[in-house]
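The values are calculated or read from the model by the stated rules, or taken from the named source; none is laboratory data. The shown structure was predicted, so the numbers you read here are calculated from the model rather than taken from an experiment. Cβ: placed from backbone, ideal geometry, glycine included. Neighbour counts: every protein chain shown.
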Amino acid sequence: MIDTHKINQTVLSFDWGEKRIGVAIKLAGEINISPLATVEMGNNPWNQINYLIKKHLPDILVVGRPLNLEGEKTEQTNLAISFAQKLAKRTNLKVILQDETLTTLTALQSMPKKASQKQKKLLVDQLSAKIILEDYLNEV
């Protein structure tokens, strides 16, 4: 169950990747989480990230922290943490790191079977960000 403090916050979550960043949102006063955007890393992703933050005015940001199946840090962990630190510095918002173990696999399994490879590629990161946010909201 989501505590009232979390319900009253607008939260953006990020599934950081070397090629793309998936973004999901939960608006203040609501419990529904929606996939929001896929940010391509190629063309200065900060422009789109800044736009999303200015448009939705989140209270808090959540970034997925990848660990290997043994729960240990990897190079991807360090890169995601670096992204989270830059996000905090650029926005002056609180940034929470949330375990994202197996979120991509879960996201792929939740996609419609008829989704094309192109659709899956565009949506998997957003769905992963949604799962990361769900996990954060459901933590006590």
Practice item. Would you please name the residue that is farthest from the chain's Cα centre (by Cα), looking only at residues in region 67-87 that are polar (S, T, N, Q) and farther than 15 Å from Gly17 by Cβ? Key: Asn68
Exercise for review: Starting from residues that are within 11 Å of the chain's Cα centre (by Cα) and assigned to a loop (DSSP other than H, G, I, E, B), keep the ones in region 1-27 and report whichever is farthest from Lys121 (Cα to Cα).
Suggested key: Trp16
**Study point:** Condition met for Val23 (touching a residue at least 60 places away in the same chain (Cβ under 8 Å) and either within 15 Å of Asp135 (Cα to Cα) or of a type outside the set (Lys, Arg) (or both))
**Key:** yes
Exercise for review: Please work out which one of (1) in contact (Cβ under 8 Å) with a residue 60 or more places away in the chain; (2) within 29 Å of Asn8 (Cβ to Cβ); (3) outside any strand (DSSP E or B) is the condition Gln98 fails and give its number.
Suggested key: (3)
**Study point:** Residue ID - surrounded by the most Cβ atoms within 10 Å (Cβ to Cβ), chosen from residues in region 28-68 that are at pLDDT 95 or above and assigned to a loop (DSSP other than H, G, I, E, B)
**Key:** Pro58
Study note, to complete from the structure: In region 69-81, anything surrounded by 15 or more Cβ atoms within 10 Å (Cβ to Cβ) and either in a loop (DSSP other than H, G, I, E, B) or in contact with a Phe, Trp or Tyr (Cβ under 7 Å, 6 or more places away or on another chain) (or both) is listed as Ala80
Check your understanding: Among the residues of region 48-63, is there at least one that is free of Cβ contacts under 8 Å to residues at least 40 places away in the same chain, touching a helix residue (DSSP H, G or I) at 6+ places or on another chain (Cβ under 6 Å) and closer than 24 Å to Thr101 by Cα?
Key -> no
Check your understanding: Restricting attention to region 6-27, and to residues there that are surrounded by 21 or more Cβ atoms within 10 Å (Cβ to Cβ) and aliphatic (A, V, I, L, M), which single residue is farthest from Leu61 (Cα to Cα)?
Key -> Ile21
Review point. Across region 41-71, what is the total count of residues that are of a type in the set (D, E, K, R) and farther than 24 Å from Glu134 by Cβ?
Key: 1
**Study point:** Residues that are closer than 19 Å to Asn68 by Cα, touching a strand residue (DSSP E or B) at 6+ places or on another chain (Cβ under 7 Å) and at pLDDT below 90, drawn from region 88-123
**Key:** Asp99, Glu100, Thr103
Review point. Somewhere in region 128-135, is a residue free of Cβ contacts under 8 Å to residues at least 60 places away in the same chain, surrounded by 16 or more Cβ atoms within 10 Å (Cβ to Cβ) and acidic (Asp, Glu)?
Key: yes
